[in-house]
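To keep things clear, I will list the structure first and then write my remarks on it.
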Amino acid sequence: MADDRFHVYDTTLRDGAQQEGLSLSVADKLAVARHLDGLGVGFIEGGWPGANPKDTEFFRRARTELDLKHAQLAAFGATRRAGVKAADDPLVAALRESGAPVVTLVAKSHDRHVELALRTTLQENLAMIRDTVSHLRAGGQRVFLDAEHFFDGYKSNPAYALEVLRTAAEAGADVVALCDTNGGMLPDELAEVVHAAVQTSVRVGIHCHDDTGCAVANTLAAVKAGATHVQGCANGYGERSGNANLFTVVANLQLKRGFDLVPPAALADMTRIAHAITEVTNVTPNSHAPYVGTSAFAHKAGLHASAIKVDPNLYQHIDPAAVGNDMRMLVSDMAGRASVELKGKELGYSLTSATSRELVDRVKDMESKGYTFEAADASFELLLRDTLTGERRRHFEVESWRVIVERTKGGELVSEATVKLYAKGERIVATGEGNGPVNALDRAVRLALEKLYPELAKLELIDYKVRILEGTHGTGAITRVLITSSDDTGDWATVGVDENIIEASWQALEQAVTYGLLRSGRDLD
Ligand SMILES: [Zn+2]
């Protein structure tokens, strides 16, 4: 477990998920949590159990499905409602029952917000904090407090804002995180307020939004002023301009300020982790992101090129290897031989060096065309099997498929797909209808195969993600489709890439079915 003297606290799954256009399923949240744990963060805020059914489900599944090595889960929620006891508030009960070792309570610290938004008295707000914190502490959970609108509150009524901190600490909160909720602060003025808060001898944390483009700078200024708990989000996700980018914060503190926050080997994996999370969130990675962007250490050829050859350190602020980046990291370069061998071993295959070299070449070639295997482990395993056996064996071979999309008189769109395929020596033709072309193809394939492989009835497509990738070398845009499928024992993801979205979907779908059959014990031999 991470050192308690300084907290790296991630809020991607709660505050980061507020980003416009970002929508995470429970499985996505579990996947992001695993990646963050791999980086070595101390705390992962999973969401608001009780207030949001998906988050309640996340905490329930986390108990059996997450095996965290470094991080502890934190449940987020509000102080009790005005006028009731914490013990009688169902939302507080949901926090208690989440099973999370840590609860982060959000509380008002701005007098005007207490009166206008909460519509209660300043005294009752303090009582709500005291009662809720001590109630949860008595139940054995650790409590942090997010002091909402703290900086604006301090400007409005400094004595009251500080009283909120003291009240929380006296009731048993270990940390009070000062939140720049509106994100309007600049580093110098923020540091003065943090300094004043630290003087109360309460343990202070910091939570910044990037509305002034200063979220990371503000976080560093707060640390300099005495904060020992930093909050932020993977890749700077968050509503409006985003939250403080936790990756940038960690890299800055560890590499520039000598903090020992995450294991150096994990930091050296940060670029891969940052990209793997974008595959889950389906948000195009920012190539200019500090430290982890593909352009972060890329140099324009020409003036610098020859000097870089002599001494690369003349042109870069750190050794990119410290964060797992490279002077020019193509996505395909992420599939090094070591990682392919590791992944193969993880899946239970032992690869000779000749096979792993061949597999790396195939992975690199396919990734340069837009495939990604970070988020499509089932496609990777199929590729690995094909490489091992030297041939592409499947449970069924496709002769052709066809999809028709029809707009009816009533304006309704219906899709009809026909697939022709061979399986167990039979030629099968089947037609399926659906609300979209992929849905129709899925139904047609199942109809074609259900007699031969009844176990396909358990297979379900649970997620479908599309990303348009920019073309390279004068080609048009290409489409990448990621499909997540599940049966009664787990889920798996497959990928397809083509200029045509239906072909890309078909590739992912065909692999999803193939892999599903392998999982259920239908070997190819
Ligand atoms: Zn926030």
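Here are the numbers:
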{"item": "Residue within region 208-227 that is closer than 20 Å to residue 8 by Cβ, open to solvent by 10 Å² or more (accessible area, probe 1.4 Å) and within 12 Å of the ligand (Cβ to nearest atom) present", "result": "yes"}
{"item": "Which numbered condition residue 50 misses (of (1) more than 16 Å from the ligand (Cβ to nearest atom); (2) of a type in the set (Gly, Ala, Ser); (3) under 24 Å from residue 220 (Cα atoms))", "result": "(3)"}
{"item": "Qualifying residue in region 196-205 (condition: within 11 Å of the ligand (Cβ to nearest atom) and open to solvent by 40 Å² or more (accessible area, probe 1.4 Å))", "result": "no"}
{"item": "Filter pass, residue 184 being under 22 Å from residue 11 (Cα atoms), surrounded by fewer than 18 Cβ atoms within 10 Å (Cβ to Cβ) and within 27 Å of the chain's Cα centre (by Cα)", "result": "yes"}
{"item": "Residue among 261, 246, 255, 267 that is touching a helix residue (DSSP H, G or I) at 6+ places or on another chain (Cβ under 9 Å), surrounded by fewer than 20 Cβ atoms within 10 Å (Cβ to Cβ), among the hydrophobic types (A, V, I, L, M, F, W, C) and at pLDDT 95 or above", "result": "255"}
{"item": "Some residue of region 143-155 being open to solvent by less than 20 Å² (accessible area, probe 1.4 Å), under 25 Å from residue 59 (Cα atoms) and aromatic (Phe, Trp, Tyr)", "result": "yes"}
{"item": "Those residues of region 391-447 which are open to solvent by 40 Å² or more (accessible area, probe 1.4 Å), among the hydrophobic types (A, V, I, L, M, F, W, C) and part of a strand (DSSP E or B), in sequence order", "result": "398, 401, 404, 405, 413, 414, 429"}
{"item": "Region 5-38: number of residues that are among the small types (Gly, Ala, Ser), part of a helix (DSSP H, G or I) and either open to solvent by 10 Å² or more (accessible area, probe 1.4 Å) or within 16 Å of the ligand (Cβ to nearest atom) (or both)", "result": "5"}
{"item": "Test for residue 232: is it at pLDDT 95 or above, within 11 Å of the ligand (Cβ to nearest atom) and either in contact with a helix residue (DSSP H, G or I) (Cβ under 9 Å, 6 or more places away or on another chain) or closer than 14 Å to residue 19 by Cβ (or both)", "result": "yes"}
{"item": "Test for residue 2: is it more than 16 Å from the ligand (Cβ to nearest atom), modelled with pLDDT under 95 and either of a type in the set (A, V, I, L, M) or over 24 Å from residue 267 (Cβ atoms) (or both)", "result": "yes"}
{"item": "Of all residues making up region 357-390, the number that are in contact (Cβ under 8 Å) with a residue 40 or more places away in the chain and open to solvent by 80 Å² or more (accessible area, probe 1.4 Å)", "result": "1"}
{"item": "Conditions (1) within 17 Å of the chain's Cα centre (by Cα); (2) surrounded by fewer than 24 Cβ atoms within 10 Å (Cβ to Cβ); (3) away from the ligand (no atom under 12 Å from the Cβ): number failed by residue 239", "result": "(3)"}
{"item": "Exclusive hit being closer than 30 Å to residue 263 by Cα and under 12 Å from the mean Cα position of the chain (by Cα), set 55, 28", "result": "28"}
{"item": "Residue within region 133-140 that is closer than 22 Å to residue 244 by Cβ, of a type in the set (A, V, I, L, M) and in contact (Cβ under 8 Å) with a residue 24 or more places away in the chain present", "result": "no"}
{"item": "Among the residues listed as 478, 502, 483, the single one being surrounded by 13 or more Cβ atoms within 10 Å (Cβ to Cβ) and either on the phi > 0 side of the Ramachandran plot or touching a Pro at 6+ places or on another chain (Cβ under 6 Å) (or both)", "result": "502"}
{"item": "Entirely in region 70-184, the helices (runs of 4 or more DSSP H) that have 3 or more residues that are modelled with pLDDT of 95 or more", "result": "90-97, 122-138, 150-156, 158-171"}
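The values are calculated or read from the model by the stated rules, or taken from the named source; none is laboratory data. What you are looking at is a predicted structure, and each value in this text was computed from that prediction instead of being measured. A quick note on method: Cβ atoms are made from the backbone with ideal geometry, for glycine too, and the neighbour counts reach across all protein chains shown. We work out accessible area using only protein heavy atoms, side chains counted, and drop any ligands, DNA or RNA first. Shrake-Rupley method; radii C 1.70, N 1.55, O 1.52, S 1.80 Å.
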